[in-house]
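Heads up: the structure comes next, in structure tokens.
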Amino acid sequence: MFSVKTLIRYAAILLACAAPIVSLAAQDTASTPAVSQQIPAGAPRLIVAISIDQFSSDIFAQYRQRFTGGFARLTQGAVFPAGFQSHAATETCPGHSTILTGNRPAHTGIIANSWIDQSVTTGPKVVYCAEDVSKRTAGSKDYVASSVHLLVPTLGEWMKKANPAARNIAVSGKDRGALMMGGRDIDQVYWWKGKQFVTLAGREPGPSAVAQNAEIDKLMAKGAPAFPLPAWCGRNDRAVQAGSATVGTGRFALKAGEADQFRVSPRLDRATLDLASKLVDEQKLGKNPVPDILSVSLSATDYVGHATGTEGAEMCIQLTQLDLALGDFFASLDKRGIDYAVVLTADHGGFDMPERLHQQALEMSARVGPAVSPEALSATLGKKYGLEPKGLILSDGPSGDYWLRRDLDPGTKGKLVDDAKALLEADPQVEVVLSAAEIAATPMPTAPPESWTLAERARASYNPLHSGDFLVFLKRGVVPIPTARPGYVATHGSPWDYDRRVPILFWRKGMTGFEQPSGVETVDIAPSLAALIGLKTPQGAFDGRCLDLDGGAANTCGVMTK
Ligand SMILES: [Zn+2]
């Protein structure tokens, strides 16, 4: 299935890795490394892990003084305003894969939202990160959602290995959000699809999901009025044109029957939290003999960011409403008397659209031009070498991983990579092109994430099973959407800090709060939570380190071996 070159590269990486990849074997129950749990007295009974999709440190800083609800509560806990999704591929799937596995995408295997697999025989060569390709049916536009590509266990899976009675539950506005946080061994999992919350193929939705879907049906049939504009959103409330889209002044009125308006609005997050709350009761979370885990990935901030950018009235309203919905969710847990610990972070940051950035002192921002694309490269290099241009060079967008047609001989491949690098690096919008060999030869970084080189960022999301033959980084401020259109004006995915930096907030009732402005990583979350509940994982299970969440002399990492 993999070329000899790929296998050799993979072996080289295994040898070069400082940390042993025990996790590759861990999905095989027979060879699962020992995990044990001694629940400390006073350990939380429920871990609530929340990911706010596209919640950058920048918008957290912009709005944190305005929050009065759930965000305000969390800022009383342990606050890490400079958490890092430290890798280069700052997309939803890789980002979610780091949060509860404690592993960088190099080890989770989730190197992007989608990658090219030229061995696929049914359908397109583009493989979605949360898709089971082996279940594809010819001609079908749909896919079977699965966590099959995730190569390492999640915290919930480690908890279940230590204590099978532990419940591992996940809900999200996106399948990849729920599946990458929950993993494979997951008791209940739901995500938004089209007009309702759905679950894995072969499973029936439980009573909570059925009830939640019925509530949404009712709302959708009736429609709903616009949200009010908070006073502090006033300066964001200005129309800006981006391609054929006009954004900046939206209020999210819901027209009856418009499911897409429901999705791209604060209503999706409130519904996801309502479903999470129902599942707490249904699954008796926090009341079981051993600690449980509930993962909640809230997708609306990302949908709003893509559709309207980060600096319009829309994002201001979205965060205001999300703050209130989170507050209500925590209040519902309080009412049930559950002893819970929360972590809230994001799968990646975000960046505004060039058209508004131009008005706001960032004139160097631009949309990527047509020269940076697999089609343009294939045409130029196909002509030079007398090769069929169609399918010569493949990618899933202008930036990120690029693949060469797999049947080319190694000599031709080498020449094509060198030529692609020279051509692309001559383009003023391209920062650097790194070959797979260059990235593989870069040691996994160990310094704080804010100091990493671009090659180190690339290394952290390089996995030879899925990564391309070379990687294209656009310059800071260049947005990889050639033409804006309604619903898609801004994005993330770059190796720059506006996409890498996310807040990490830990909160538990009665804890001594503190703020640590130095950089930490999202892969530190799983070992930190594991320590809270006395879970001992094998050495090398995590890329991250345990963060001491006690603001005083005590150390919450005391029970960890790492
Ligand atoms: Zn995302």
In order through region 246-258: 3J(HN,Hα) via Karplus (6.51 cos²θ - 1.76 cosθ + 1.60), integer Hz, x for Gly, Pro: 10, 10, x, 10, x, 10, 6, 4, 9, 7, 3, x, 8
Give me Rg over Rh for region 230-282, both radii from the alpha carbons and Rh done the Kirkwood way, two decimal places. 1.13
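Quick check on the chain: of the DSSP beta bridges with both residues there, what percent are antiparallel, nearest 5%? It would help to have the intermediate numbers written out before the result.
Working: 34 of 62 bridges.
Percent antiparallel among DSSP bridges in the chain is about 55.
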Å² per residue, accessible surface of region 372-441 at 1.4 Å: 48
With just the Cα atoms defining each centre, how far is region 400-425 from region 443-511? Give it in Å. 23
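From the cross-link list K125/K174; K125/K413; K174/K509; K141/K278; K135/K174, which pairs have alpha carbons spaced over 26 Å apart?
Numbers: K125/K174 22 Å; K125/K413 19 Å; K174/K509 29 Å; K141/K278 32 Å; K135/K174 20 Å.
Pairs exceeding 26 Å: K174/K509; K141/K278.
Once the piece of chain linking Q241 and A553 is laid out straight, how much longer is it, given 0.36 nm per residue of separation minus the C-alpha distance between them?
Details: separation 312, 0.36 × 312 = 112.32 nm, distance 5.36 nm.
Length gained between Q241 and A553: 107.0 nm.
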Cα-based Debye curve of region 138-248 sampled at q = 0.22 Å⁻¹ gives log₁₀ I(q)/I(0) of -1.15
For the chain, just run the numbers: alpha carbon Rg, then divide by 2.2 N^0.38 Å, N being how many residues it has. 0.94
In Å, the Kirkwood estimate of hydrodynamic radius for region 286-334 over Cα pairs equals 12.8
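Can you list the trypsin sites (Lys or Arg not before Pro) in region 377-460 that are in a DSSP coil and have 15 or fewer other beta carbons within 10 angstrom?
Details: sites: K383, K384, K390, R405, R406, K413, K415, K421, R457, R459; in loops: K390, R405, R406.
Listed in order of number, the matching sites are K390.
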Applying a 10 Å radius around every beta-carbon, put 425-433, 50-58, 242-250, 542-550 in order of their mean neighbour count, most first. 50-58, 542-550, 242-250, 425-433
15 Å reach of a label modelled at A224, 7 Å along Cα-to-Cβ, counting backbone N of region 235-272: 251-272
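Report the charge-dipole magnitude of region 112-160 in Debye, nearest 20, computed about the Cα centre from +1 at each Lys and Arg Cβ and -1 at each Asp and Glu Cβ. Before the final figure, lay out the partial values.
Working: 5 positive and 5 negative charges, 18 e Å.
My answer is approximately 80 debye.
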Sorted peptide list for 355-366, 488-499, 274-285, criterion being average Cβ within 10 angstrom, highest first: 488-499, 274-285, 355-366
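Per DSSP H run of at least 4 residues, take -39500 (n - 2.57); add these up for the chain, divide by its residues and hand me the 222 nm value, nearest 500 deg cm²/dmol. Before the final figure, lay out each step's value.
On the way: 20 runs with 185 residues, N = 562.
Value at 222 nm, helices only: -9500 deg cm²/dmol.
For region 389-455, give the magnitude of the charge dipole about the Cα centre (Cβ charges: +1 Lys/Arg, -1 Asp/Glu; no others), in debye to the nearest 20.
Numbers: 6 positive and 11 negative charges, 60 e Å.
Once rounded to the nearest 20, the dipole reads 280 debye.
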Taking a cut-off of 23 Å between Cα atoms, list the lysines near K475, but don't count ones fewer than 8 places away on the same chain. K421
Provide the gained length on full extension for the span D217 to K384, in nm with one decimal, where the gain is 0.36 nm per separating residue minus the Cα-Cα distance. 54.4 nm
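By Kyte-Doolittle mean hydropathy of at least -0.5 and Cα axial length of at least 27 Å, which whole DSSP H helices of the chain are selected? All intermediate terms of the calculation are to be shown ahead of the outcome.
Numbers: long enough: 313-335 (33 Å, 0.53).
Span-like helices in the chain: 313-335.
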Taking amide H positions as placed 1.01 Å from N in the peptide plane, with prolines and chain starts having none, which residues 5 or more places from V368, or on another chain, fall under 5 Å of its amide H? V479, I481
Need one word for region 502-562: rounded, prolate or oblate. Basis is the Cα gyration tensor (sqrt eigenvalues a ≥ b ≥ c); a/c below 1.5 gives rounded, then a/b vs b/c decides. oblate
With unit charges on the beta carbon (Lys/Arg positive, Asp/Glu negative), name the residue among V432, M181, G202 whose Cα is farthest towards the positive pole of the charge dipole of the chain. G202
Counting only residues 5 or more places away or on other chains, whose amide H sits under 5 Å from the amide H of K475 once H atoms are built in the peptide plane? V430, E431
Antiparallel DSSP beta bridges within region 87-213, as percent of all bridges there, nearest 5: 65
Cα gyration tensor category, rounded, prolate or oblate, for region 349-499 with a/c compared to 1.5: oblate
So, in nm, how far is label A61 from label K413 when the simple model puts each one 7 Å beyond its Cα toward the Cβ? 4.2
What relative contact order, as a whole-number percentage, does region 248-300 give when Cα pairs under 8 Å and 6 or more residues apart are counted? 38
Between region 150-201 and region 311-351, what is the separation of their alpha carbon centroids in Å? 20
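What relative contact order, as a whole-number percentage, does the chain give when Cα pairs under 8 Å and 6 or more residues apart are counted?
Numbers: 1260 pairs, mean separation 157.6, N = 562.
Relative contact order of the chain: 28 percent.
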Ranked packing of 103-112, 254-263, 122-131, 75-84, most packed first, by mean Cβ within 10 Å: 103-112, 75-84, 122-131, 254-263
For the pair A256 and T137, the simple spin-label estimate (label points 7 Å beyond Cα toward Cβ) gives in nm 3.5
Can you pull the percent of the chain's accessible area that's carbon plus sulfur, 1.4 Å probe, other chains left in place? 55
Summed over the other residues with a beta carbon less than 9 angstrom from that of S119, with K and R at +1 and D and E at -1, the charge totals +1
S494 long-range amide H proximity, modeled H, under 5 Å: T90
Quick one: dipole size for the chain, taken about the Cα centre, charges +1 on Lys/Arg Cβ and -1 on Asp/Glu Cβ, in debye to the nearest 20. 660
Report the net charge of residues surrounding S373, where surrounding means a beta-carbon distance below 12 angstrom and charges are Lys +1, Arg +1, Asp -1, Glu -1. -3
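The values are calculated or read from the model by the stated rules, or taken from the named source; none is laboratory data. In this text, all values refer to a predicted model and were calculated from it rather than measured experimentally. A quick note on method: Cβ atoms are made from the backbone with ideal geometry, for glycine too, and the neighbour counts reach across all protein chains shown. What goes into the accessible areas is simple: the full protein's heavy atoms, side chains included, and nothing from ligands, DNA or RNA. Shrake-Rupley method; radii C 1.70, N 1.55, O 1.52, S 1.80 Å.
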